[in-house]
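Okay, so here's the structure we're looking at.
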Amino acid sequence: MTPSPVPSTSADPNPESSPDRLFDQIASANPFIDNRSSGPSAWDIDVANIHAKQFERLVALAREAQAERRGLGVVLWGEAGIGKSHLLARFARWAEQDKNACVIYLHNLQARPENLPRALLKSVLSVLTRGQIDRFAATLLFRLANAFMREALQYDPARTYSWQDLESGYGQLLDRLSAEEPARAALVDRTVYHVVLNFFTSAYEAREGAEDGSVAGLAVRWLGGDALDPVEARRLGLPPNRPRDEPAALADDQQIKHVLAALCRLASSRRQSFVLCFDQVDNLDTAQAAALARFLAALLDSSANLLVVLSGIQATLLQWHSTKVIQDSAWDRLAQFQIALLRSSVAEGRAIVAARLQRFFQPIAPCETLSRHVQDDPLFPLGKAWTDAFLANKAEVRPRDVLTWAREGWQREQALLRQLGGPAWLERWGMGRLAESTPQSWTPQQIQGAIDSKVAQKVAEQRVQREVEPHTLPPNAANLAGLVGALLEQWLPPDHQVEYLSAPPVGRRPAYDLIVRQRGQRRGEEPRLGLLFLATASAHSTTAALRRLVQDAHPPQQIILITDERTGLPLGRVGTRHYQELHRRGHQRFQHVQITFAEYAELDALQGTVGLARSGDLEIDLPGGQPRAVRAEEVIASHERQGRYAAAPILKAISMVLATEAPPARAALSSAAS
Amino acid sequence: MASKRDAVADLAEQLIRQLETQRRLGPPAYPLTVAQLLELAESAAPPAQLEKAIGKRSFQQRVVLARAKHRDAPIALMTDLEALAGSALLLEFLLTSLRTPSNQAFSPSQLKAKTARKLQLAFQAALLRQIEQGSLPVNVGWITIHRSKKLFLLADLHRGQQRSNVPRTPTPLPQIQGRGADAPATEPVREFAERFGQAFAELDRRAGGHNFVSLVDLRAQLSMPRETFDTELQNLRRAGQYGLSAAEGRHGLTPEERAAAIMEDGTSLLYVSRKTP
């Protein structure tokens, strides 16, 4: 709704100082609409005194990790709406200023447990390169590598260095690193450091126009856990694979750990701590949490100069520990330090409101009417009446509640201002009376409507956030598979089962990532849909995956191949043959869906909103400004009610495929497909 | 065989590791006194060697010790200087070690002068903040004498036993403040604060020292009428000593938890955390 303007009352020659400008400003917008932080932002309105000690503790730990060259784990916990994300945003700003630390902010990881370390690494590399596929000299990864090279050369600006000087100094530095800590010598993975050197030289030469920088691109792909074709691996100088025609990739979680440990070491050369920040970690499922905890604990043991921050709800994290989802050994590393955020004092609550008001009124600061009233009451136009109504008798407050109450108070003042007109409203305000709201209670239908509207708003916000920062959602088949699996589990009727297939430690990889099967029929005879996700630039990897599909002796009735448009489907000669063979089976049996980034972001936003509810970070405002938490099940019901699953990319294609099957109990899917 | 010098260095390193372990446990296990640290380290080293380890420069650079050569002095890692400065342990140590039969109340400046130099500024700031916010430890009070605030241990306060016949309202009594200006300094409140503090510390220690104790356990431990418990707890919250947080989390609530929680603004508050160090 567009607010109606307040009738003009004066003809002030300076419009900025006119009372009308003040009335318009109040009527035009509500500075308390947004009551939660969704990630690092330069635009956050911050009150430095709030949670100042906790912030300083976080900063001290980052400094300690760097100064002592240690791996430190810290949990940042507190209830929803207490300011955890806000504090992390403040921490990210501190890191950015003066290049204090290299902070990687991660949330909404979706890969299945066995794929989490690789998906994590992929996200880290994507953040460090901002998702670029060329011109790497402008990236943070290049700056980190550059600092390491300077350390290797014991850089003297007065001297000129040759590439031979660099290679020689580089080798000596690696020798020193291995010798410094014999216990960690095995963690100085020469192959990883060799790739870092090639990345640097290629990106540097590309900046100078001496080459195209494609080797740097290969290095980024390999460091990010992607597979390279044998010819690409040779160009990057990787040791030959056995067998030689297999794609080359980081072998296992151990080597993934080595890459992350190397990144920590590069940051150390830049005198920065390397920080992995996991926000809303409590919205992972228990299997994911267990796998992530195991991997991060091992990473902390292997890395110097690393701070791992896990942020979430204290009750959930403690329950994961007490029920051994997180084993004691991992807990001791990850929760080595604990920073608790508790509710704020009423005075701090007022300070939060005052800070927002100050920012909001900045454009009309010269307005004399405004300054007079703010001088009398810093919370104008909410003022003492609002404070008495919402904050009196409170022992402590949750920052999010304060903002919700301020929003409610503001809305009431807006309504009254429109009703009375500026001068009369101001006169009434001067009498210290709070604008009243009409007391009412909501019916279940109204609550449902409010949930639908809030969920729609959050889905849109999350999607936009990903679109603004596409590097936070890199092409990643494992993440996409986990995401689609989670959404299918929420949406499909109970007679359908989603089965996740993962590669065994030894032996052939399965042909599919997910199998959707219908229960209630004899095993082997039930309708099955196989889903394979590919997001690689390696034609060899694609060929191997398609070969597994073609050679599957007992294929499901239907197969959907899902690829990311950013990587496409690279096909060599053999791969093309397999692909054509699959197509020859007919559209009923095989489909290829290429997902755009916007579609990926849409799916991520659907699940991200469920995650918000799991973390207690999704609330609606009941009449009178009382917040009500929205549960994850209510978000899922809203997605279903509003047809968001049925309309979502990939899910729509899956529903159409499933709807073509004969069995009954498919009414929902058929109608969705139609 | 390791040389004596190496042995002292190893011992110093062992003490640092012990401090780090204690830090993970949080209050009340940390900060701690030097004597407690040595006891926890379970070192068989002779006292002279322990003294050397504590006096070692590399050790001193990584820790902050409230007062040198004093076994009862609190100690913490250098990174926790602020936490030590604001801890109840430090304030109680200073008041205990300074008090004599003839003088038992001290100004912030007098207390500050008896702490290690690197701790002085942070200690003074923390102390003034606690006085201002009414968040001093429950066993410490302050009173104004000749315009100067004097702090003392409540245990040193001598109280009369005879009931006063004078009506309470007309004559303002001297204000003794231990939990903040807002909290009524009546005997039942003091008693509740002490009992609550003890119960909280015990339950928290048993739960792993995460400063997160359920009202289910606290109600069971203190066993008193719900209304009294809730009112007194509210006073402690107002005084900034304890905070409540919502009963949320992925695992839901048991009926017992639901019953023990305090409803506020539509939210069930179930967990108690200590706000003062």
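Observations on the structure shown:
- Under the condition of being surrounded by fewer than 17 Cβ atoms within 10 Å (Cβ to Cβ) and farther than 13 Å from B:Ala76 by Cα, the residues counted in region B:4-24 number 7.
- Residues (part of a helix (DSSP H, G or I), touching a residue at least 24 places away in the same chain (Cβ under 8 Å), within 12 Å of chain B (Cβ to nearest Cβ) and among the hydrophobic types (A, V, I, L, M, F, W, C)) located in region A:56-105: A:Leu58, A:Val59, A:Leu61, A:Ala62, A:Ala65
- Restricting attention to region B:222-265, the residues being at positive phi and acidic (Asp, Glu) number 1.
- In region A:106-152, of all residues being of a type in the set (S, T, N, Q) and not in a helix (DSSP H, G or I), the one that is modelled with the highest pLDDT corresponds to A:Thr139.
A quick yes/no check of all residues on (1) at pLDDT 90 or above; (2) touching a Pro at 6+ places or on another chain (Cβ under 9 Å):
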{"position": "A:Arg463", "(1), (2)": "yes, no"}
{"position": "A:Thr472", "(1), (2)": "yes, no"}
{"position": "A:Pro475", "(1), (2)": "yes, no"}
{"position": "A:Ala478", "(1), (2)": "yes, no"}
{"position": "A:Leu487", "(1), (2)": "yes, no"}
{"position": "A:Asp495", "(1), (2)": "no, yes"}
{"position": "A:Arg508", "(1), (2)": "no, no"}
{"position": "A:Arg522", "(1), (2)": "no, no"}
{"position": "A:Arg528", "(1), (2)": "no, yes"}
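- Within region A:245-282, tally of residues that are in contact with a Lys or Arg (Cβ under 9 Å, 6 or more places away or on another chain) and aromatic (Phe, Trp, Tyr): 1
- Single unsatisfied condition, A:Gln594 versus (1) without any contact (Cβ under 8 Å) to a residue 12 or more places away in the chain; (2) in contact with an Asp or Glu (Cβ under 7 Å, 6 or more places away or on another chain): (1)
- Helices (runs of 4 or more DSSP H) (entirely within region B:1-100) containing at least 1 residues that are away from chain A (no Cβ under 14 Å) and modelled with pLDDT of 85 or more: B:4-25, B:34-41, B:47-55, B:57-62, B:88-98
- Exactly one residue among B:Glu248, B:Glu257 is modelled with pLDDT under 85, closer than 25 Å to A:Gly616 by Cα and either among the charged types (D, E, K, R) or under 23 Å from the mean Cα position of the chain (by Cα) (or both), and that residue is B:Glu248.
- Those residues of region B:225-253 which are free of Cβ contacts under 8 Å to residues at least 12 places away in the same chain, assigned to a loop (DSSP other than H, G, I, E, B) and more than 9 Å from every other protein chain (Cβ to nearest Cβ), in sequence order: B:Pro225, B:Gly252
- Selection count, region B:254-275, where residues are part of a loop (DSSP other than H, G, I, E, B) and away from chain A (no Cβ under 11 Å): 2
- Among the conditions (1) surrounded by fewer than 17 Cβ atoms within 10 Å (Cβ to Cβ); (2) of a type outside the set (Phe, Trp, Tyr); (3) assigned to a loop (DSSP other than H, G, I, E, B), the only one that A:Ala511 does not satisfy is (1).
- Taken over region A:341-364, the residue count meeting the criterion of being surrounded by fewer than 22 Cβ atoms within 10 Å (Cβ to Cβ), part of a helix (DSSP H, G or I) and within 14 Å of chain B (Cβ to nearest Cβ) is 3.
Rundown of residues vs (1) among the hydrophobic types (A, V, I, L, M, F, W, C); (2) within 29 Å of A:Asn49 (Cα to Cα); (3) within 14 Å of chain B (Cβ to nearest Cβ); (4) crowded, with 24+ Cβ neighbours inside 10 Å, yes/no style:
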position	(1), (2), (3), (4)
A:Phe274	yes, yes, no, yes
A:Ser303	no, no, no, yes
A:Leu318	yes, yes, yes, no
A:Val325	yes, no, yes, no
A:Ser329	no, no, yes, no
A:Arg333	no, no, yes, no
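- Within region B:88-117, if we keep just the residues that are charged (D, E, K, R) and without any contact (Cβ under 8 Å) to a residue 60 or more places away in the chain, the residue that is farthest from B:Ala68 (Cα to Cα) turns out to be B:Arg99.
- So A:Gln338, is it in a helix (DSSP H, G or I) and either within 20 Å of the chain's Cα centre (by Cα) or not assigned by TED's automatic domain parsing to the domain that holds A:Gly485 (or both): no
- The residues of region B:50-73 that are closer than 18 Å to B:Glu39 by Cβ, within 19 Å of the chain's Cα centre (by Cα) and crowded, with 20+ Cβ neighbours inside 10 Å, listed by number, are B:Leu65, B:Ala66, B:Ala73.
- Residues in region A:45-55 that are over 18 Å from A:Ile313 (Cβ atoms) and assigned to a loop (DSSP other than H, G, I, E, B) were compared, and the one that is nearest to the other protein chains (Cβ to nearest Cβ) is A:Asn49.
- So B:Arg206, is it closer than 21 Å to A:Val402 by Cα and within 18 Å of the chain's Cα centre (by Cα): no
- Subset of region A:183-207 (residues that are surrounded by fewer than 17 Cβ atoms within 10 Å (Cβ to Cβ), touching a residue at least 60 places away in the same chain (Cβ under 8 Å) and within 14 Å of A:Ser303 (Cα to Cα)): A:Arg184
- Condition check for A:Arg631: surrounded by fewer than 23 Cβ atoms within 10 Å (Cβ to Cβ) and either polar (S, T, N, Q) or within 14 Å of chain B (Cβ to nearest Cβ) (or both): yes
- Residue match in region A:585-601 (condition: away from chain B (no Cβ under 14 Å), hydroxyl-bearing (Ser, Thr, Tyr), assigned to a helix (DSSP H, G or I) and under 34 Å from the mean Cα position of the chain (by Cα)): yes
The values are calculated or read from the model by the stated rules, or taken from the named source; none is laboratory data. Everything quoted here is computed from the prediction, not taken from an experiment. A quick note on method: Cβ atoms are made from the backbone with ideal geometry, for glycine too, and the neighbour counts reach across all protein chains shown.
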